[in-house]
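The values are calculated or read from the model by the stated rules, or taken from the named source; none is laboratory data. Here the structure is a predicted model, which is why all the values come from computation and not from measurement. Cβ: placed from backbone, ideal geometry, glycine included. Neighbour counts: every protein chain shown. Calculation scope for accessible area: heavy atoms of the full protein, side chains included, ligands and nucleic acids excluded. Shrake-Rupley method; radii C 1.70, N 1.55, O 1.52, S 1.80 Å.
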Amino acid sequence: MRHQRYPAASRMGGTTMIEVLVTLVILAFGLLGVAALQGKMQMGTIESYQRAQAVVLLEDMTARMQANRAAAANYVQSTPAGTGDGQPDDCSALAAGAPRDVCEWSNALKGAAELKAGAKVGAMVGARGCVQQIQAPDPTKGVCLPGIYQVTVTWQGVHKTLAPSLTCANGLYGDDGYRRAVAEHVTIGLPSCS
């Protein structure tokens, strides 16, 4: 009668193969998780870049308004500047002041600062800007209310979030959950008012 010398060793050979397969499955799920994380990080980077561009363009218009305080009300528009507006590509024919400033801001919103193969790529996706009057200046003696204006820059985000409460370009991006917005108030005082 012949006895098997290593019966336990022959049973363990299949166990090693199963351990290797389980390790490969765990490794595959880990790599899928890393790939998903990298995709989310890329979307976050794009959103961050667009927000930074929006803040630069927001500061541009607020500086223009503060430099031309006497004509601040002339910056108010009924429709958003930027994507889809009727502003010309060349603003040099317009007189200096609010009309030219709005035209140049519109071109900056459209991405005119950076070209790639003839296409404007220097701004956010679907960038638009609004200037709204929040409070009209009132130089009446004893009242002396400054003019308050809200400058807003909007653009289309990469993924859906809560819609901003700001009304600039509302409904122009399909689902408002893709609309992003930053805003700043500009106060134009009345230094000669008493």
Q | Residue among I26, A119, T83 farthest towards the positive dipole end of the chain, charges placed on Cβ | A | I26
**Q.** Helix-only CD estimate at 222 nm, as mean residue ellipticity for the chain, using -39500 (n - 2.57) per DSSP H run (n ≥ 4)
**A.** -14000 deg cm²/dmol
Q: Springs between alpha-carbon atoms under 10 Å, Gaussian network over the chain: tell me which of V22, V56, V182 tops the mean-square fluctuations.
A: V22
Q: Specify the angular offset, from 0 to 90 degrees and rounded to the nearest 10, of the alpha carbon long axis of helix 98-109 from the longest principal axis of the alpha carbons in the chain.
A: 10 degrees
Q | Cα-projected label distance for A113 with D138, points at 7 Å along beta-carbon direction, nm | A | 3.8 nm
Q.
Among T161, T79, T15, which one shows the highest mean-square fluctuation when the chain is modelled as a Gaussian network with alpha-carbon springs under 10 Å?
A. T15
**Q.** Gaussian network model of the chain, springs between alpha carbon atoms under 10 Å - residue of Q156, Q50, Q66 with greatest fluctuation
**A.** Q66
(Q) Accessible area per residue for the chain in Å², computed with a 1.4 Å probe and the full protein assembly in place, what is it? (A) 62 Å²
**Q.** Amide hydrogen neighbours beyond the local backbone of A113, cut-off 5 Å, H modeled
**A.** G122
Q.
In whole percent, and with a 1.4 Å probe on the protein chains, what portion of the accessible area of the chain is carbon and sulfur?
A. 61 percent
Q) For the chain, what is Rg from Cα atoms divided by 2.2 N^0.38 Å, rounded to two decimals? A) 1.80
Q | With at most 12 other Cβ atoms within 10 Å, longest stretch of the chain clear of loop trypsin sites (Lys or Arg not before Pro) (DSSP) | A | 6-140
**Q.** Efficiency of FRET between S78 and Q38 - r from beta-carbon atoms, R0 45 angstrom, step 0.05
**A.** 0.55
Q. Cross-link partners among aspartates and glutamates for K116, C-alpha distance below 18 Å, same-chain residues fewer than 8 apart left out?
A. D89
Q.
Compute the helix-to-body angle for 7-67: its Cα long axis versus the longest principal axis of the chain, expressed 0 to 90° and rounded to tens.
A. 10 degrees
(Q) Given R₀ = 41 Å, what would the calculated FRET efficiency be for A163 paired with L24, taking r from the Cβ atoms and rounding to 0.05? (A) 0.40
